[in-house]
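Taking it in order: structure first as structure tokens, then the write-up.
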Amino acid sequence: MNNPKVSIIVPCYNQAQYLSEALQSVLDQTYENWECIIVNDGSPDNTKEVAQEWVKKDSRFIYLYKENGGLSSARNAGIANANGEFILPLDADDRIGKDYTLLAIQAFQDDESLKLVYCKAEKFGEESGSWDLPDFSLYELARQNMIFCSAFYRKKEWERVGGYDVNMIYGLEDWEFWISILKDGGEVKHIEEVGFYYRVKSISMINTIYSDKRKEIFEYLSIKHSDFIVSKLGSTIILNHLLQDNLKKFENRLKSKKFVIDLFCETFFGFNVFGQYKAK
């Protein structure tokens with residue numbers, strides 16, 4: 001098979017204590033045509049010193065410094081400097097399995113319609129065991145994210161959608177990015193092997209999104225991707241189970257995107273954006 005280059009992007013902000021574990025998992029890859037760009041996002045800890053040791057160890061590691069701008073900004077900076085055809089984001093406190101890159105590239109080469117490849121995952125750290133996530137579908141993607149950050153995609157897809165949204169500073173930037181890539185079509189492959197290891201910490205970002213900020217995130221996503229949300233969740237057929245007793249009452253209003261978005265947000269998240277739907 002061909003051996004396209006893979007660029008593994010590792011943003012790091014105050015994660016120097018875990019960085020070497022992440023980079024060792026990169027070095028252990030059975031697929032060898034990779035580069036790994038370590039993005040120091042203005043971290044005040046010893047990220048620079050740790051990263052430079054790895055740069056000395058293997059020339060495929062590249063160190064990049066930038067002023068602090070958040071996770072989306074750091075990923076974008078790394079990808080902008082990437083030479084690979086394929087991109088794999090990897091957070092500095094996580095790990096990847098040694099065959100993950102090889103299996104992903106094989107999947108892309110077997111099916112040119114693929115836009116995204118990911119795998120089974122396990123947790124480690126303060127929790128361990130399988131990380132059970134919902135099966136992928138566009139319908140489910142409109143409701144929630146089930147694809148962790150470390151999935152493979154082509155750099156041209158990042159270019160096409162304008163990169164990670166730097167407005168997503170409170171988390172869930174992966175969810176927004178996957179919607180941007182996939183809402184216009186394309187296939188997703190789930191490798192039936194564990195290739196990603198997610199570190200669970202008491203201060204994991206997923207646990208530090210406060211309720212008021214979470215509301216802001218959902219409001220932003222609902223507005224930015226209203227076309228996608230309405231197309232997947234907004235038909236009277238799909239919403240029938242939510243409207244059983246009031247379908248006729250709402251029939252005309254369902255033609256309004258704003259109403260459907262509010263109904264969706266109120267049902268699943270307890271708030272609405274435009275004030276078009278009032279829960280009893």
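The values are calculated or read from the model by the stated rules, or taken from the named source; none is laboratory data. Every value quoted in this text rests on a predicted model; they were computed, and no experiment measured them. Every residue, glycine among them, receives a Cβ derived from its backbone with ideal geometry; neighbour counts consider all protein chains shown.
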Notebook entry, point to check: Within the range 77-133, can you find the residues that are out of contact with any strand residue (DSSP E or B) (no Cβ under 8 Å at 6 or more places or on another chain) and either on the phi > 0 side of the Ramachandran plot or not aliphatic (A, V, I, L, M) (or both)?
Noted result: Lys98, Gln106, Gln109, Asp110, Glu112, Asp132
Next item on the list: Would you mind finding the one in Val10, Val50 that is more than 23 Å from the chain's Cα centre (by Cα) and among the β-branched types (Val, Ile, Thr)?
Entry: Val50
Note to self: Condition first: over 19 Å from Asn81 (Cα atoms) and touching a strand residue (DSSP E or B) at 6+ places or on another chain (Cβ under 7 Å). Now tell me which residues in the range 19-30 satisfy that.
What the structure shows: Leu19, Glu21, Ala22, Ser25
Note to self: For the range 56-66, give me each residue that is touching a strand residue (DSSP E or B) at 6+ places or on another chain (Cβ under 8 Å) and exposed (fewer than 15 other Cβ atoms within 10 Å of the Cβ).
What the structure shows: Tyr65
Margin query: Within the range 153-172, take every residue that is hydrophobic (A, V, I, L, M, F, W, C) and either part of a loop (DSSP other than H, G, I, E, B) or touching a residue at least 40 places away in the same chain (Cβ under 8 Å) (or both) and give me the one that is farthest from Asp111 (Cα to Cα).
Written below: Ile169
Item checked: Unique match (being in contact with a His (Cβ under 9 Å, 6 or more places away or on another chain), basic (Lys, Arg) and at pLDDT 95 or above) among Lys155, Lys120 -> Lys120
Margin query: I want to confirm something. Restricting to the range 5-34 and keeping residues that are buried (at least 21 other Cβ atoms within 10 Å of the Cβ) and β-branched (Val, Ile, Thr), which single residue is nearest to Asn68 (Cα to Cα)?
Written below: Val10
Check: Within the range 174-191, can you find the residues that are closer than 29 Å to Thr30 by Cα and either modelled with pLDDT of 95 or more or under 15 Å from the mean Cα position of the chain (by Cα) (or both)?
Finding: Asp174, Trp175, Phe177, Trp178, Ile181, Leu182, Glu187, Val188, Lys189, His190, Ile191
Check: For the range 70-80, does any single residue satisfy the condition of being at pLDDT 95 or above and more than 19 Å from Met168 (Cβ to Cβ)?
Finding: no
Check: Does the range 31-82 hold any residues that are among the charged types (D, E, K, R) and in a helix (DSSP H, G or I), and which are they?
Finding: Lys48, Glu49, Glu53, Lys56, Lys57, Arg75
Item checked: Flag for Tyr164 being under 23 Å from Asn33 (Cα atoms) and surrounded by 13 or more Cβ atoms within 10 Å (Cβ to Cβ) -> no
Next item on the list: Sort out which residues of the range 103-127 are without any contact (Cβ under 8 Å) to a residue 12 or more places away in the chain and either touching a Ser or Thr at 6+ places or on another chain (Cβ under 6 Å) or in a loop (DSSP other than H, G, I, E, B) (or both), and write them in order of number.
Entry: Glu112
Next item on the list: Would you mention how many residues in the range 128-145 are out of contact with any Lys or Arg (no Cβ under 6 Å at 6 or more places or on another chain) and part of a helix (DSSP H, G or I)?
Entry: 3
Note to self: Condition check: assigned by TED's automatic domain parsing to the domain that holds Lys189, under 24 Å from Asn2 (Cα atoms), modelled with pLDDT of 95 or more and among the aliphatic types (A, V, I, L, M). Does Ile87 satisfy that?
What the structure shows: yes
